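Contents: one structure, followed by commentary.
The values are calculated or read from the model by the stated rules, or taken from the named source; none is laboratory data. Worth saying up front: this structure is predicted, and the values here are computed from it rather than measured. Glycine gets a Cβ as well: all are built from the backbone with ideal geometry, and neighbour counts include every protein chain shown. With ligands, DNA and RNA removed, areas are computed over all heavy atoms of the protein, side chains included. Shrake-Rupley method; radii C 1.70, N 1.55, O 1.52, S 1.80 Å.
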Amino acid sequence: MVLTPQTLFTGQQLIWLPVCASTNTEAQALIVQNRASDGCTVITDFQTAGRGQRGNQWEASPSENLMLSVVWQPTFLAAAQQFRLSQAVALGVHDWAASLLGPDPKLKLKWPNDLYYGNQKLGGVLIENSLSGTKIQHSIIGIGLNINQQIFAVPTATSIGQLTGRPYAREAVATRLLECLERRYLQLRAGQVGKLRQEYLRALYRYQEIHSFLIDGKQVSGQIVGVEDDGRLAVAIDQELRRFGMQEIRHV
């Protein structure tokens, strides 16, 4: 696979693997070997042990979807600011999908950084950070996006191809993705934190809507009112503002 993204550094070092266990694992090995430049991208046709959020496995049909990992060196971010990177990445993925689907109001970001169309998942992000003191040294941005797959084991998944009824060349959509990601990363690096937060909230799934959540095994009704600087989801429940980490709340 050959990609020629119009970027400063993201994807300029490209490693394509027909099959691998996980692109994040491969990217981590490159970092350990001191072989990963800033923006190094590992892409594969098929992962045998792809990982998702909450320890879930990421499943995708061979050669039909997009599975890649980008290595960045966001040393300008403190460890406590990790969610800022998550927001920038999520917006880059959202920009990419909007460039293919148009400005569709059904296109949303499900906290913290899953890509949704309506109530169906289009893709997910897994970010793994390594720290040096109080700063982030390396970030591995693992991204899985459903492109051409037509049949899914669960009804809550969909693909770009299912939505538009046409096939896509993965090289072209991967190139566009890298460009969208770097644009948002450069905004973050330039300190445009407030702008990124506002756009993230505008794209947030179920934001300011009354919705059902699962908390401690119980279903409750609440309203997402924001996201804290540390990434916790702020939800108003029974006139009380509560904040939740990723393992503490689920959409129903």
Report summary line: When Pro112 is run through (1) open to solvent by less than 40 Å² (accessible area, probe 1.4 Å); (2) assigned to a helix (DSSP H, G or I), the failure sits at (2)
Query raised in the report: Does Ser139 fit the bill of being outside any loop (DSSP other than H, G, I, E, B), in contact (Cβ under 8 Å) with a residue 12 or more places away in the chain and open to solvent by less than 30 Å² (accessible area, probe 1.4 Å)?
Result: yes
Query raised in the report: Which members of segment 238-248 meet the condition of being without any contact (Cβ under 8 Å) to a residue 24 or more places away in the chain and touching a strand residue (DSSP E or B) at 6+ places or on another chain (Cβ under 7 Å)?
Result: Leu241, Arg242, Arg243
Requested in this report: Could you tell me whether segment 72-89 includes any residue that is touching a helix residue (DSSP H, G or I) at 6+ places or on another chain (Cβ under 8 Å), open to solvent by 20 Å² or more (accessible area, probe 1.4 Å) and either of a type in the set (Phe, Trp, Tyr) or not in a helix (DSSP H, G or I) (or both)?
Outcome: yes
Report summary line: Restricting segment 151-177 to residues that are touching a residue at least 40 places away in the same chain (Cβ under 8 Å) and touching a helix residue (DSSP H, G or I) at 6+ places or on another chain (Cβ under 9 Å), the one nearest to Leu115 (Cα to Cα) turns out to be Ile160
Query raised in the report: Across segment 159-181, which residue is nearest to Ala97 (Cα to Cα) among those that are open to solvent by 60 Å² or more (accessible area, probe 1.4 Å) and among the charged types (D, E, K, R)?
Result: Arg176
Report summary line: Of those in segment 142-158 that are touching a strand residue (DSSP E or B) at 6+ places or on another chain (Cβ under 6 Å) and of a type in the set (A, V, I, L, M), the residue surrounded by the fewest Cβ atoms within 10 Å (Cβ to Cβ) is Ala157
Query - Which numbered condition Val93 fails, given (1) at pLDDT 95 or above; (2) open to solvent by 20 Å² or more (accessible area, probe 1.4 Å) - result: (2)
Query raised in the report: Can you tell me which residues in segment 21-62 are at pLDDT below 90 and open to solvent by 70 Å² or more (accessible area, probe 1.4 Å)?
Result: Thr48, Arg51, Gly55, Asn56, Gln57, Glu59, Pro62
Query - Unique match (being over 23 Å from Leu196 (Cα atoms), assigned to a loop (DSSP other than H, G, I, E, B) and hydrophobic (A, V, I, L, M, F, W, C)) among Ala49, Ala29 - result: Ala49
Requested in this report: Residues being modelled with pLDDT of 95 or more, hydrophobic (A, V, I, L, M, F, W, C) and surrounded by 14 or more Cβ atoms within 10 Å (Cβ to Cβ): count how many of those fall in segment 1-15.
Outcome: 3
